[in-house]
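Data first, discussion second: the structure below is written as structure tokens.
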Amino acid sequence: MSTIPVDVSPETYERLQDQARKVGKSPGVLIREFLEEALDSEMQVQPRTAREVLEAAGRARPLSETLRRKIIPGVTLEEVRQSLTQADGSSLSDIVLEQRGPKS
């Protein structure tokens with residue numbers, strides 16, 4: 001078995017000792033069990049989608065109810081892309097870049 005030294009604050013170590021005493025184990029055994037449980041549960045977690053990662057990072061948020069009501073049931077992404085390709089005017093990317101203004 002390998003040994004890994006872990007530095008924790010005195011407060012954390014005290015809490016660890018209290019918890020270990022409550023369950024009748026040594027702090028080292030308790031930490032090993034915590035690590036094993038954490039690693040086992042991590043393996044069972046489904047991969048997150050890009051949306052979930054962005055939402056967790058505060059970079060995206062779920063659609064508002066107003067926007068959700070505008071979704072047309074049964075319309076595929078391909079149909080939307082086709083419609084946007086045929087639309088006149090600037091592309092969405094060009095509009096966004098124009099609204100951002102020049103880079104500083």
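All of the numbers you see were taken from the coordinates with simple rules; none came from a lab. Predicted model only: the values in this text are computed from it and were never measured. Heads up, the Cβs are rebuilt from the backbone with ideal geometry, glycines too, and the neighbour counts pull from every protein chain shown.
Any chance region 23-44 includes a residue that's without any contact (Cβ under 8 Å) to a residue 24 or more places away in the chain, polar (S, T, N, Q), surrounded by 10 or more Cβ atoms within 10 Å (Cβ to Cβ) and under 30 Å from Met1 (Cβ atoms)? Among the residues of region 23-44, at least one is without any contact (Cβ under 8 Å) to a residue 24 or more places away in the chain, polar (S, T, N, Q), surrounded by 10 or more Cβ atoms within 10 Å (Cβ to Cβ) and under 30 Å from Met1 (Cβ atoms), which makes the answer yes. Pro62 meets the conditions (1) out of contact with any helix residue (DSSP H, G or I) (no Cβ under 8 Å at 6 or more places or on another chain); (2) exposed (fewer than 10 other Cβ atoms within 10 Å of the Cβ); (3) not small (Gly, Ala, Ser) in every case but one. The failed one is (1).
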